[in-house]
Amino acid sequence: MVVLSKRHISGTEFWDATKTVKFLQENQYFDEGGEQKWPDTLKEMSSGGNAGLRPSDDFELAFSALGACIWYVETLFFSSLFTS
């Protein structure tokens, strides 16, 4: 098995917690009938209401890791569009 390794660019490829939450809000990932309904787990890791969630200090790294996953999946999706 070959493992590819490269450094990820902080803020661009490895998002911080604030950028991750902002991306999820702006792209309406958890939109139900015009209202944002965040999963309970993410709400517990945040402060503020559905529309104004902010990552809690204790969970900033978790949101940052989620942002990296979202970036990676989007990269794979867009790559597949150009290579198929």
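Bear in mind these aren't lab numbers, they're just calculated from the coordinates by the rules spelled out. Note that the structure is a prediction, hence the values are computed from the model and not measured. Cβ: placed from backbone, ideal geometry, glycine included. Neighbour counts: every protein chain shown.
What is the gain in length, in nm to one decimal, between D40 and D57 on full extension, counting 0.36 nm per residue of separation less the C-alpha to C-alpha distance?
Roughly 4.4 nm would be gained on extension.
Amide H of F14: which non-local residues (sequence gap of 5 or more, or other chain) have their own amide H closer than 5 Å, using H built in the peptide plane?
I9
Over the residues of the stretch 17-83, compute the C-alpha Rg and express it relative to 2.2 N^0.38 Å.
1.20
Can you list the residues, at least 5 places off or on another chain, whose amide H is less than 5 Å from the amide H of S56, using H built in the peptide plane?
Result for S56 returns S46, S47.
Net charge near S64, counting Lys/Arg +1 and Asp/Glu -1 over other residues with Cβ under 10 Å of its Cβ?
Within the 10 Å Cβ shell, the charges total -1.
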